[in-house]
Amino acid sequence: MDAQQHDAQQHGPLAGFTIGVTAARRADELGALLQRRGGAVVHAPALRIVQLADDTELLSATKELIDQVPDVVVATTAIGFRGWIGAADGWGHGEELLACLRGVELLARGPKVKGAIRAAGLTEAWSPSSESMAEVLDRLLGEGVEGRRIALQLHGEPLPGFVEALRAGGADVVVVPVYRWMPPEDLAPVDRLIDATVARAVDAVTFTSAPAAASLLSRADERGRLPELLAALHHDVLAACVGPVTALPLQARGVDTVQPDRFRLGPLVQVLCTELPGRARALPVAGHRVEIRGHAVLVDGDLRPVPPAGMALLHALTRKPGWVVSRADLLRALPGSGRDEHAVETAMARLRTALGVPKLIHTVVKRGYRLALDPSADSKYADV
């Protein structure tokens with residue numbers, strides 16, 4: 001544990017790992033947080049946001065609320081609420097919308113939304129301590145919604161069951177679709193991320209909205225790669241979601257996800273800082289501590305970047321630590337190497353150079369190669 005903590009301080013807990021980022025909004029912020037902790041980032045926005053000024057659906061919903069004032073307005077996100085007020089201002093309806101909102105029961109999902117409401121010169125009637133939409137729903141249903149007109153400011157992603165529960169209770173629900181999502185105009189980055197995930201060239205993929213998760217799965221399906229993508233996410237590539245709603249499209253496909261207790265970018269990064277190093281393989285080899293990460297190896301705490309072919313060989317060797325792995329088996333592990341076993345020797349030479357300690361891997365004449373596992377570890381790893 002001490003060695004791991006030392007490595008984390010020296011290189012960052014995400015050093016040697018590659019993380020896919022599917023976010024469109026705040027992608028730079030998330031990418032910077034990951035890179036500051038040592039991670040390599042592959043950015044592939046799975047969505048694009050319809051610009052508010054061009055959003056006819058939002059304009060129509062805004063006019064409808066001004067003409068027929070609701071009893072309750074639920075504000076779900078600070079950026080969405082601010083964007084809505086700003087867009088209405090740009091259309092010349094800002095004052096009318098504020099006047100409308102002054103006369104209603106205004107509910108704020110959390111402290112950030114509360115701040116946005118007050119910055120607009122308004123006052124919220126109530127806000128849940130949990131920041132949970134389930135608590136907002138419980139309050140509304142507890143008060144009784146029969147015959148009440150309730151406006152719900154959405155922020156790009158649906159709220160499963162929320163609208164249906166209100167309508168089942170007799171409410172007239174108006175959805176205000178702030179920041180609607182559309183597929184990205186350039187699909188090439190998404191395709192590259194899908195291919196990298198299938199090839200296990202990324203260690204984790206992050207999702208900050210349910211539509212982004214659904215969009216990635218949909219694009220993989222269009223390309224005929226959905227079964228391969230799901231297999232990678234099931235077994236080798238960590239799916240990290242900012243919260244439970246975001247995770248729904250993945251969980252519907254049987255993909256296990258990790259998520260923070262607090263649904264924010266910072267805690268999401270912290271989850272990755274715990275989960276990815278926890279999944280790394282650490283072995284005592286030739287008197288050294290060797291920790292195998294996504295695209296690099298920590299040798300006694302020193303970070304050693306390793307090319308993809310070298311990582312493929314290393315993974316094949318660590319599946320049978322201390323045992324001889326034949327050149328033929330190693331050749332099969334190499335990506336796109338053909339049938340020439342000389343490719344194994346070339347890749348092995350580069351791997352040894354990258355590791356900086358050649359004696360970590362022994363050549364066994366006429367048989368193949370083996371990790372020089374310390375004798376004391378033989379019994380522990382003999383049946384791996």
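Every residue, every condition in (1) open to solvent by 60 Å² or more (accessible area, probe 1.4 Å); (2) farther than 30 Å from residue 245 by Cβ; (3) of a type in the set (D, E, K, R), yes or no:
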{"residue": "262", "(1), (2), (3)": "yes, no, yes"}
{"residue": "273", "(1), (2), (3)": "no, no, no"}
{"residue": "290", "(1), (2), (3)": "no, yes, no"}
{"residue": "310", "(1), (2), (3)": "no, yes, no"}
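Restricting the first member to segment 271-293 and to residues that are under 21 Å from residue 39 (Cα atoms) and at pLDDT 90 or above, and the second to residues that are crowded, with 16+ Cβ neighbours inside 10 Å and of a type in the set (Ser, Thr, Tyr), the beta-carbon pairs closer than 8 Å and six or more apart or on different chains are 272/206; 292/318. Of all the listed residues (278, 294), the sole one being in a helix (DSSP H, G or I) and under 30 Å from residue 241 (Cα atoms) is 278. Where residues in segment 168-208 are of a type in the set (A, V, I, L, M) and free of Cβ contacts under 8 Å to residues at least 12 places away in the same chain, which of them is surrounded by the most Cβ atoms within 10 Å (Cβ to Cβ)? Once the filter is applied, the top-ranked residue is 168. When 77, 62 are checked against the criterion of being polar (S, T, N, Q) and under 27 Å from residue 240 (Cβ atoms), a single residue qualifies: 77. Quick test of your reading of the structure: residue 75 fulfils all but one of (1) closer than 30 Å to residue 149 by Cβ; (2) out of contact with any helix residue (DSSP H, G or I) (no Cβ under 6 Å at 6 or more places or on another chain); (3) among the aliphatic types (A, V, I, L, M). Name the failing condition by number. In the conditions (1) closer than 30 Å to residue 149 by Cβ; (2) out of contact with any helix residue (DSSP H, G or I) (no Cβ under 6 Å at 6 or more places or on another chain); (3) among the aliphatic types (A, V, I, L, M), residue 75 misses (2) alone. Taking segment 145-164 as the range and being at pLDDT 95 or above and surrounded by fewer than 20 Cβ atoms within 10 Å (Cβ to Cβ) as the test, the residues that pass are 146, 147, 148, 149. Among the residues of segment 94-121, write down those that are over 17 Å from residue 59 (Cβ atoms) and open to solvent by less than 10 Å² (accessible area, probe 1.4 Å). If the condition is that a residue be over 17 Å from residue 59 (Cβ atoms) and open to solvent by less than 10 Å² (accessible area, probe 1.4 Å), then 106, 107, 108, 110, 113, 116, 117 are the ones that fit. Residues that are part of a helix (DSSP H, G or I) and either free of Cβ contacts under 8 Å to residues at least 40 places away in the same chain or open to solvent by less than 30 Å² (accessible area, probe 1.4 Å) (or both) within segment 71-93 comprise 78, 80, 81, 82, 83, 84, 85, 86, 87, 88, 89, 90, listed in sequence order. Of all residues in segment 318-373, exactly one satisfies the criterion of being open to solvent by less than 80 Å² (accessible area, probe 1.4 Å), acidic (Asp, Glu) and assigned to a loop (DSSP other than H, G, I, E, B), namely 341. Tallying residues that are open to solvent by 10 Å² or more (accessible area, probe 1.4 Å) and either closer than 20 Å to residue 330 by Cβ or under 26 Å from the mean Cα position of the chain (by Cα) (or both) within segment 295-305 yields 4. Within segment 9-33, the set of residues being over 17 Å from the mean Cα position of the chain (by Cα), surrounded by fewer than 17 Cβ atoms within 10 Å (Cβ to Cβ) and either closer than 30 Å to residue 192 by Cα or modelled with pLDDT of 50 or more (or both) comprises just one member, 10.
Considering (1) closer than 30 Å to residue 125 by Cβ; (2) modelled with pLDDT of 95 or more, the lone condition that residue 41 does not fulfil carries the number (1).
Among residues of segment 232-247 being free of Cβ contacts under 8 Å to residues at least 24 places away in the same chain and part of a helix (DSSP H, G or I), the one that is surrounded by the fewest Cβ atoms within 10 Å (Cβ to Cβ) is 235.
Within segment 48-70, being under 30 Å from residue 213 (Cα atoms), open to solvent by 30 Å² or more (accessible area, probe 1.4 Å) and not polar (S, T, N, Q) holds for 48, 49, 53, 54, 57, 59.
Would you kindly identify the strands (runs of 3 or more DSSP E) lying entirely within segment 101-191 that contain at least 1 residues that are closer than 22 Å to residue 215 by Cβ, under 32 Å from the mean Cα position of the chain (by Cα) and of a type in the set (A, V, I, L, M, F, W, C)?
On the way: elements: 105-108, 149-155, 172-178.
Hits in segment 101-191: 149-155, 172-178.
The values are calculated or read from the model by the stated rules, or taken from the named source; none is laboratory data. From a predicted model like this one, the values you see are computed outputs, not experimental measurements. In this analysis, Cβ positions are derived from the backbone assuming ideal geometry, glycine residues included, and neighbour counts consider all displayed protein chains. Just the protein is used for accessible areas: all its heavy atoms, side chains included, with ligands, DNA and RNA removed. Shrake-Rupley method; radii C 1.70, N 1.55, O 1.52, S 1.80 Å.
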